[in-house]
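The values are calculated or read from the model by the stated rules, or taken from the named source; none is laboratory data. Since the structure is predicted, the reported quantities are computational estimates derived from the model, not experimental observations. Ideal geometry is used to build each Cβ from the backbone, glycine not excepted, and the neighbour counts take in all protein chains shown.
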Amino acid sequence: MTSTLVSKLYDTYGSRGFKILAFPCNQFGGQEPGTNEEILKFVDDKFGAGTKDKFVWFEKSHVNGKDTRELYSYLKKALPSTDGTRDIRWNFAKFLVDSEGIPFKRYGPKTNPEEMCADIEELLKKAGK
């Protein structure tokens with residue numbers, strides 16, 4: 001499960017300042033229908049107590065369409081997907097941003113978070129961490 005794998009990134013890199021920002025979205029098959037509070041409870045119930053604390057949580061957001069959260073408009077413009085589109089295609093699309101807030105790389109929803117480790121290491125070293 002992707003949430004578990006992403007939380008392992010925090011376990012590995014969190015002590016070096018690595019942060020994971022989570023933006024629940026219900027635009028993909030209605031997979032996040034609950035309130036923000038219900039989503040946080042679900043994460044801890046499904047993946048273990050304290051899992052939600054490994055992420056910086058934001059309110060449920062739109063990542064595509066006219067109500068797209070401004071951050072996602074910025075990220076999608078800076079880093080189009082590998083197929084040339086800007087839209088997010090499914091849950092667990094991932095963006096790696098450096099310590100200065102500059103988008104570094106975009107990963108598809110099927111990318112195993114472990115495949116991001118070399119890039120994370122590169123950015124942490126660049127930031128002196």
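Every residue, every condition in (1) touching a His at 6+ places or on another chain (Cβ under 7 Å); (2) of a type in the set (Lys, Arg); (3) part of a helix (DSSP H, G or I), yes or no:
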residue: LYS8; (1), (2), (3): no, yes, yes
residue: ASP11; (1), (2), (3): no, no, yes
residue: GLY14; (1), (2), (3): no, no, yes
residue: PRO24; (1), (2), (3): no, no, no
residue: PHE28; (1), (2), (3): no, no, no
residue: PRO33; (1), (2), (3): no, no, no
residue: ILE39; (1), (2), (3): no, no, yes
residue: ALA49; (1), (2), (3): no, no, no
residue: LYS60; (1), (2), (3): no, yes, no
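Return the pairs, sorted by first residue and then second, in which the second residue is in a loop (DSSP other than H, G, I, E, B) and among the aliphatic types (A, V, I, L, M), the first residue lies in segment 37-62 and is under 14 Å from THR4 (Cβ atoms) and at pLDDT 95 or above, the beta carbons are less than 9 Å apart, and the residues are 6+ apart or on different chains.
Going by the 9 Å Cβ cut-off, there are no qualifying pairs.
Going by the conditions given, is LYS77 within 14 Å of the chain's Cα centre (by Cα) and of a type in the set (Lys, Arg)?
Considered against the rule, which asks whether it is within 14 Å of the chain's Cα centre (by Cα) and of a type in the set (Lys, Arg), LYS77 comes out as no.
What is the residue count in segment 50-69 for residues that are exposed (fewer than 13 other Cβ atoms within 10 Å of the Cβ), out of contact with any helix residue (DSSP H, G or I) (no Cβ under 8 Å at 6 or more places or on another chain) and within 17 Å of ALA22 (Cβ to Cβ)?
1
Looking at (1) under 20 Å from PHE18 (Cβ atoms); (2) in contact with a Lys or Arg (Cβ under 7 Å, 6 or more places away or on another chain); (3) not polar (S, T, N, Q), which is the only condition GLU32 fails?
(1)
Looking only at segment 65-112, which residues are closer than 30 Å to GLY128 by Cβ and among the acidic types (Asp, Glu)?
GLU70, ASP98, GLU100
Which one is modelled with the lowest pLDDT, of the residues in segment 80-97 that are part of a loop (DSSP other than H, G, I, E, B) and under 25 Å from THR4 (Cβ atoms)?
Across segment 80-97, the extreme among qualifying residues is THR82.
Looking at LYS94, LYS105, LYS19 in this structure, which one is exposed (fewer than 15 other Cβ atoms within 10 Å of the Cβ) and out of contact with any Pro (no Cβ under 6 Å at 6 or more places or on another chain)?
LYS19
Please go through segment 98-123 and pick out each residue that is more than 25 Å from LYS66 (Cβ to Cβ), in a loop (DSSP other than H, G, I, E, B) and not small (Gly, Ala, Ser).
ASP98, GLU100, ILE102, LYS110, THR111, ASN112
Does VAL6 satisfy the condition of being hydrophobic (A, V, I, L, M, F, W, C) and either exposed (fewer than 15 other Cβ atoms within 10 Å of the Cβ) or closer than 22 Å to GLU122 by Cβ (or both)?
yes
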